[in-house]
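The values are calculated or read from the model by the stated rules, or taken from the named source; none is laboratory data. Please read all numbers here as calculations on a predicted model, not as lab measurements. As a convention, Cβ positions derive from the backbone with ideal geometry for all residues, glycine included, and neighbour counts pool all protein chains shown.
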Amino acid sequence: MQPEADLPGNLPVAAISILALIFSWWGLAILNGDPTVLPSPWQVFPLAVSELLSGELLRHLAVTLRRVALAFVIAMAMGVAIGLLMGRSSGTDRWLDPWLIVFLNLPALVVIVLCYLWIGLNEVAAVAAVAINKIPTVVVTIREGTRALDRQLNDVAAIFRMSGWARFWHIILPQLGPYIASAGRSGISLIWKIVLVVEFLGRSDGIGFKIHLYFQLFDVGMVLAYALSFVVVMLAIEGLLVRPWEARATRWRRA
């Protein structure tokens, strides 16, 4: 319960920190003296508001968030399933561990390019590329969590003849909750970054596409407007959804 209780108290600190960042940006813009290279916050914010009011920002933001959500669900579902399997079966772990190491060290850019070449420049390739990049890190986290499960609780479940589903729901899942939450929190931060790269390279909509468009036009202000708008949305998701979820998942440890 402690993180949830501390959240309101952290808001003033977070607000002051963000203001310090904005004024630091403003100071750097003044020192630079060239708004085409580094526009000030007061020049970028109106651009973001204008794009928001026109509906263009919301349209591309919705597309990007849809890709983030799809890739997140796929990566978490597959990563948790494979991690559980590898953590509970030493034979499976020995067979799949080399694969895991390969995918952990395969550059995200290579995965994205290969997905576009093999599947095509479409939504399936975009979401698949993002999910493939995230699945290995989820697997590692869940595998270690599965290895750390309390065997005594498993013995108690066997004594009371709990069914496989009941054992998973009441014994395994609560212990894995913190690991799943940790994988999810790190996953969402990684996935949205990769989604932007995917859109930058091969999509015709989304925040990454708009950044690519204004990069070609050398319009730093619009690049910052779209990038910062998406960062604000992801920070809101982190604060309003991910952190409370993580706090709830780890609550039993502090009970």
Checklist outcome for this item: Among helices (runs of 4 or more DSSP H) entirely inside segment 96-182, those with 2 or more residues being under 22 Å from the mean Cα position of the chain (by Cα) and at pLDDT below 90 are 123-147
Item to check | Long-range neighbours under 6 Å by Cβ, at least six apart or interchain, first residue under 19 Å from LEU217 (Cβ atoms) and in contact (Cβ under 8 Å) with a residue 12 or more places away in the chain within segment 37-60, second surrounded by 14 or more Cβ atoms within 10 Å (Cβ to Cβ) and among the β-branched types (Val, Ile, Thr) | outcome: HIS60/ILE207
Checklist entry - Which of the residues spanning segment 104-124 are closer than 19 Å to GLY79 by Cβ and surrounded by 15 or more Cβ atoms within 10 Å (Cβ to Cβ)? => result ALA108, VAL111, ILE112, CYS115
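Somewhere in segment 31-38, is a residue surrounded by 11 or more Cβ atoms within 10 Å (Cβ to Cβ) and under 30 Å from ASP205 (Cβ atoms)?
Filtering segment 31-38 for residues surrounded by 11 or more Cβ atoms within 10 Å (Cβ to Cβ) gives 32, 35, 38.
Going one step further and asking which of them are under 30 Å from ASP205 (Cβ atoms), we end up with 35, 38.
Yes, segment 31-38 contains at least one residue that is surrounded by 11 or more Cβ atoms within 10 Å (Cβ to Cβ) and under 30 Å from ASP205 (Cβ atoms).
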Checklist entry - Is at least one residue of segment 10-31 at pLDDT below 90 and not in a helix (DSSP H, G or I)? => result no
Checklist entry - Can you tell me which residues in segment 83-136 are without any contact (Cβ under 8 Å) to a residue 24 or more places away in the chain, in contact with a helix residue (DSSP H, G or I) (Cβ under 7 Å, 6 or more places away or on another chain) and either farther than 27 Å from LEU173 by Cα or among the charged types (D, E, K, R) (or both)? => result VAL111, CYS115, ILE119
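I'd like the full set of residues that are touching a residue at least 24 places away in the same chain (Cβ under 8 Å) and either over 22 Å from LEU235 (Cβ atoms) or within 9 Å of the chain's Cα centre (by Cα) (or both), limited to segment 195-215.
So the first thing to find is which residues in segment 195-215 are touching a residue at least 24 places away in the same chain (Cβ under 8 Å), and the list is 195-199, 201-203, 205-210.
Scanning segment 195-215 gives LEU201, GLY202, ARG203, ASP205.
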Next on the checklist: Restricting to segment 224-245, give me the number of residues that are buried (at least 20 other Cβ atoms within 10 Å of the Cβ), hydrophobic (A, V, I, L, M, F, W, C) and more than 17 Å from PHE72 (Cα to Cα).
Outcome noted: 2
